[in-house]
Structures are given as C-alpha cells and as structure tokens.
Amino acid sequence: MNNWYWGRGSAGTYTFITSSIVAEKKYGYTRRPVFMLARDGKVIADDGTKVEFRTSSINTDEQTGKPVADLHSYTYRDGTTEYTLAYRREATILQTFFIDSLAGIKRFLARLVGFDGCYLRFRGTVTLTHSEDGTTVEEITAPAIWELMYFGKHAHESHPATP
C-alpha cells in the first residue's frame, strides 16, 4: 500500500465511510475506492465498483513534501441514482512522520533507506449531494475531519489529479 485517503462521518440523516487506497508501484499504483453510505441507519450504497474518486487543487504539503488535495470526492452511481461526497480542505491539523516514533538502529536504518512515511489529518467540510435522473434532490454540508496516510514514496502516478 502506498497511500490512502480515509474519512467517516455524518451529514443530516446520512452516515458514511470513504477511502481511496492506492497500491505500491509494484502493483501499478492501482486505486481502489471504498464507499459506504447509510440513511437513517440503513445502508443504501456500498459497492466500490460503482464509485469514481476524483481530486483537484493539489498542493505539496510543506512539512511532509506529500501532495494534498484541497478537494476530493467520491461519486457513487447506480442507474439513475447518484450520491457524491465532496471533501473540501480548510486546514491541515496534524502532520506526523512515522520515523519520529522509532529509536536507535530502527530509526537509523529507516533514514538510511529514505523512509518518509507520514500521516496527515485535515479539517474542512463534506458536502453530500443526492441526484435522481440528473436532478439534485438533496444537498447537505457538514463539518468533517479526514486523513491521508502515506507509507510509500510519493510518485506522480500514486496521486493523479483528475478533472
């Protein structure tokens, strides 16, 4: 695993879990979305094959050197029904390098091989949009917190910007 975005939360009567997991170079930086959406406690969307993940406004985090999307979204389509969860970053609230938790020879070896794994946590909003037949029937915005975890080296292929 190279990196992943992960979030969970609620907006109105909806609860959700989202993730976009990117494999390492050896596996072609393949991206796999995870998406679960429930309304009033009943799961209404949970098939990752029906999800499109997008990022935009990519910036390099100054402390970690990792690319961070100011906006990323998951769009679930099933027939004429569509749900989009769009996360909008307002602030980075935590930046941690994994190497900082190591000591002695482990830390030395990690530095020697150039390990730069890190964890970032963000604060912002998530907007849930529900559409039927191309018409928006509901839109809810709520506060959100989510994360980006990097185990591998950043590679352009591992975090492509999408339109």
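The values are calculated or read from the model by the stated rules, or taken from the named source; none is laboratory data. From a predicted model like this one, the values you see are computed outputs, not experimental measurements. When we count neighbours, we look across all protein chains shown, and the Cβ atoms used for this are built from the backbone with ideal geometry, even at glycine.
Would the range 49-56 turn up any residue that is surrounded by 15 or more Cβ atoms within 10 Å (Cβ to Cβ), charged (D, E, K, R) and under 20 Å from T136 (Cβ atoms)?
Yes.
Is it the case that S10 is surrounded by 14 or more Cβ atoms within 10 Å (Cβ to Cβ) and in a strand (DSSP E or B)?
Answer is yes for this residue.
Which pairs do you get when a residue that is touching a residue at least 60 places away in the same chain (Cβ under 8 Å) and under 30 Å from D78 (Cβ atoms), found in the range 46-67, comes within reach of a residue that is among the hydrophobic types (A, V, I, L, M, F, W, C) and surrounded by fewer than 14 Cβ atoms within 10 Å (Cβ to Cβ), reach meaning Cβ atoms under 6 angstrom, with the pair 6+ apart or on two chains?
Short answer, once both residue conditions are applied: T55/A161; I58/A161.
Scan the range 71-128 for residues that are outside any helix (DSSP H, G or I), at pLDDT below 70 and not β-branched (V, I, T) and report the count.
Initial filter on the range 71-128 (outside any helix (DSSP H, G or I)): 71-97, 102-103, 113-128.
Keeping just the survivors that are at pLDDT below 70 gives 97, 102-103, 113-117.
Pick out the ones that are also not β-branched (V, I, T) and you get 97, 102-103, 114-117.
Residues flagged as outside any helix (DSSP H, G or I), at pLDDT below 70 and not β-branched (V, I, T) within the range 71-128 amount to 7.
Here is a list of conditions, (1) in contact (Cβ under 8 Å) with a residue 40 or more places away in the chain; (2) in contact with a helix residue (DSSP H, G or I) (Cβ under 8 Å, 6 or more places away or on another chain); (3) assigned to a strand (DSSP E or B), and Y29 meets all of them except one; can you say which number that is?
Here Y29 meets the rest and fails (3).
For residues in the range 116-142 being of a type in the set (V, I, T) and free of Cβ contacts under 8 Å to residues at least 60 places away in the same chain, which is farthest from D78 (Cα to Cα)?
My answer is T125.
Being farther than 19 Å from Y5 by Cβ and basic (K, R) is the filter here; which residues of the range 20-41 pass it?
If the condition is that a residue be farther than 19 Å from Y5 by Cβ and basic (K, R), then K26, R39 are the ones that fit.
Anything in the range 47-70 that is more than 20 Å from A144 (Cα to Cα) and outside any strand (DSSP E or B)? List them, or say none.
Of everything in the range 47-70, those that are more than 20 Å from A144 (Cα to Cα) and outside any strand (DSSP E or B) turn out to be D47, G48, T49, K50, E62, Q63, T64, G65, K66.
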